[in-house]
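A quick write-up on the structure given underneath.
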Amino acid sequence: MTVLTRTAGALHRRPRLRLALLLTAPLLWLAVLYLGSLAVLFVSAFWTTDSFTSEVVKVWSADNFHELFTTPVYRQVVLRSVGVALAVTALCAVIAFPVAFYAARVASPRLRPLLVVAILTPLWASYLVKVYAWRLILSEGGLADWLLRPLGLSGPGYGLPATVLALTYLWLPYMILPVHTALEQLPDNLLDASADLGARAGRTFRSVVLPMVLPSVAAGSVFTFSLSLGDYITVQIVGGKTQLIGNLVYANIELNLPMAAALATVPVVVIVLYLFAMRRTGALSSL
């Protein structure tokens, strides 16, 4: 019996050892690169910079976090960033549900694959191409102005509403797909039983459909919330003078790297807290 044969037999008899060997490399990669980089980020947030040369001084200090929590402009930007992420998530959920419901339950079986492809198509286009397309749409005299002018209105222009609108378009497929999957897997007999018991469409939606789809909505919100909270390019292109936390991180990288690290820890902490909140809804099992 060869060494290879004996090793294969030993691994076959020990499934836990086989699983541990399979997971060691990717977990090590995750720990070293991802968790290691987060640790370096957090440590560097406690360093300072030389006010004259802007060089990083590796002296431990909590001044960056003190400035972050006591400076009004930083608090406003953090709250605005979280508000934008929540607004984008809410809009994505409101838009995604009817689209996913039609694609999963109403459309004909032949049309459903085409609708799924149409939902995925925006993900195949370049991020910058889509954002600059929205810049053209929202510009003065652009498509938004042309459509709203007959109603005596004008487009939103560049600013916070434009940022929310563009981010909603960018991350909408990430909300539609889990909701579509949940609706597609919804048993028909539950809907039939609800109708046989005399429930109307609204009651069936509240008592049957929504409780079963809510974990998938929460799963999609993990993507829309985290991607919106960490975005800094869209607001630079269509946000006008609006500042989000990503912009502050980008602006401080060259001049004050420890302050940029302190600012970057905020979305990490917020996302971790959001994941803990979503875990109670069963969202993580729906990912």
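The table below lists the values:
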| read-out | value |
| --- | --- |
| At R0 = 25 Å, FRET efficiency that the Cβ-Cβ distance of LEU111 and GLN185 yields, to 0.05 | 0.85 |
| Range of Cα positions in segment 186-287 per principal axis (Å), largest first | 67, 29, 16 |
| Heavy-atom accessible area ranking, 1.4 Å probe, most first, across THR71, THR89 | THR71, THR89 |
| Order by protection proxy (mean Cβ within 10 Å, highest first), peptides 39-49, 95-105 | 95-105, 39-49 |
| Cα shape, segment 7-143, gyration tensor, a/c 1.5 rule | oblate |
| Accessible area (Å², per residue) of segment 70-198, counting only protein heavy atoms and a probe of 1.4 Å | 57 |
| Contour minus Cα-Cα distance for LEU147 and ALA39 (0.36 nm per residue) | 33.9 nm |
| Computed P(r) (all Cα pairs; segment 99-249; 5 Å bins; percent) | 2, 9, 14, 15, 14, 14, 12, 10, 6, 4, 1, 0 |
| Inverse of mean 1/r across different Cα pairs in the chain, Kirkwood, Å | 22.7 |
| Residue-span extension gain [LEU255 to ALA25] - 0.36 nm each, minus C-alpha spacing | 79.1 nm |
| Length added when fully stretched, LEU275-ALA90, from 0.36 nm per residue minus Cα-Cα | 65.0 nm |
| Span from the segment 62-116 Cα centroid across to the segment 236-267 one, whole angstrom | 20 |
| Phi-based couplings in Hz for segment 95-109 (Karplus 6.51, -1.76, 1.60; Gly and Pro marked x) | 6, 5, 5, x, 5, 5, 5, 5, 5, 9, 10, 9, 5, 5, x |
| Ranked by how many other beta carbons lie within 10 Å on average, peptides 75-83, 107-115, 240-248 from highest | 240-248, 75-83, 107-115 |
| 5 angstrom amide H check on THR49, placed H, neighbours 5+ away | VAL57 |
| Per residue Cα convex hull volume in Å³ - calculated over segment 74-176 | 130 |
| With every protein chain in place, segment 41-140: carbon and sulfur % of accessible area (1.4 Å) | 70 |
| MRE, 222 nm, helices only [DSSP H, n ≥ 4, -39500 (n - 2.57), over the chain, to nearest 500] | -23000 deg cm²/dmol |
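The values are calculated or read from the model by the stated rules, or taken from the named source; none is laboratory data. This is a predicted model, so every value here is computed, not measured. We place every Cβ from the backbone using ideal geometry, glycine too, and count neighbours over all the protein chains shown. Each accessible area value is taken on the protein alone, full model and side chains, heavy atoms only, with ligands, DNA and RNA left out. Shrake-Rupley method; radii C 1.70, N 1.55, O 1.52, S 1.80 Å.
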